[in-house]
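As structure tokens, the structure follows; a few thoughts come after it.
The values are calculated or read from the model by the stated rules, or taken from the named source; none is laboratory data. Not measured: the values here are computed from a predicted model. All Cβ positions, glycine included, derive from the backbone under ideal geometry; neighbour counts span all protein chains shown.
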Amino acid sequence: LQCKILPNKKIFLVSQARLEHGRVFRKRPGDLVTSRLKDIFHFYILGIGLFPVLCTILYTHIRYDMVPVLFPGPCELSEELKDGPPPHYWQYERTYIRQWWAKHFGVSDIEHHERQLAYNVRAAVLAKWRRVNQRVKHLESELWDYKGWTYQPVSAAWVDYGKWDAQRMKNQYESYRHCTY
């Protein structure tokens with residue numbers, strides 16, 4: 001080892017042994033997982049999923065809504081009804097994307113109306129039972145009555161279990177120290 005003392009200072013500079021160099025690589029946490037997740041996100045979401053879908057929607061919107069002179073107009077039903085089945089509910093939508101969405105994911109107006117009616121009936125029944133329950137509680141408090149209708153008969157098996165448990169607790173001996181030495 002070669003040592004050198006700097007003038008006017010008590011600092012020793014020591015050169016590296018065996019002509020080695022100091023640390024070259026900086027220690028840092030690995031980023032393999034984050035890089036892989038970013039790559040997967042960019043490829044599957046942006047490359048395959050989101051970008052092509054947005055381009056398709058934009059193209060369809062421009063074609064069927066914005067430029068009716070160059071391209072055929074929006075979807076329309078004809079005035080005269082021909083012999084055959086009536087049009088489906090999704091055929092009343094304006095563009096092809098809306099028709100596709102209504103056909104595969106949407107519900108018809110009739111089905112929506114029936115769902116709303118069923119919800120209203122259920123809400124009316126629940127409101128009726130709430131009113132009955134409030135009336136019962138009011139009468140109980142007014143007449144100082146008890147909830148007799150909540151009585152549930154006791155099973156014989158539970159009576160036998162209670163007797164057995166009481167007998168076990170009666171015959172149990174436990175020292176005050178909780179240890180056996």
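Scan the range 75-92 and report the pairs whose first residue is of a type in the set (S, T, N, Q) and whose second residue is at pLDDT 70 or above, with Cβ atoms within less than 9 Å and a gap of 6+ or a chain change.
Taking only residues 6 or more apart or on different chains, the pairs are Gln91/Gln99; Gln91/Ala102; Gln91/Lys103.
Got a number for residues in the range 6-52 being at pLDDT 70 or above and of a type in the set (D, E, K, R)?
Count: 7.
When the residues of the range 103-117 are filtered to those that are hydrophobic (A, V, I, L, M, F, W, C) and surrounded by 10 or more Cβ atoms within 10 Å (Cβ to Cβ), which remaining residue is modelled with the lowest pLDDT?
Checking each candidate, the answer is Val107.
If I filter the range 161-172 for residues that are modelled with pLDDT under 80, part of a loop (DSSP other than H, G, I, E, B) and out of contact with any strand residue (DSSP E or B) (no Cβ under 8 Å at 6 or more places or on another chain), do I get at least one hit? Full working, then the answer.
First, the residues of the range 161-172 that are modelled with pLDDT under 80: 172.
Filter again for part of a loop (DSSP other than H, G, I, E, B), leaving 172.
When the remaining residues are screened for being out of contact with any strand residue (DSSP E or B) (no Cβ under 8 Å at 6 or more places or on another chain), the result is 172.
Yes.
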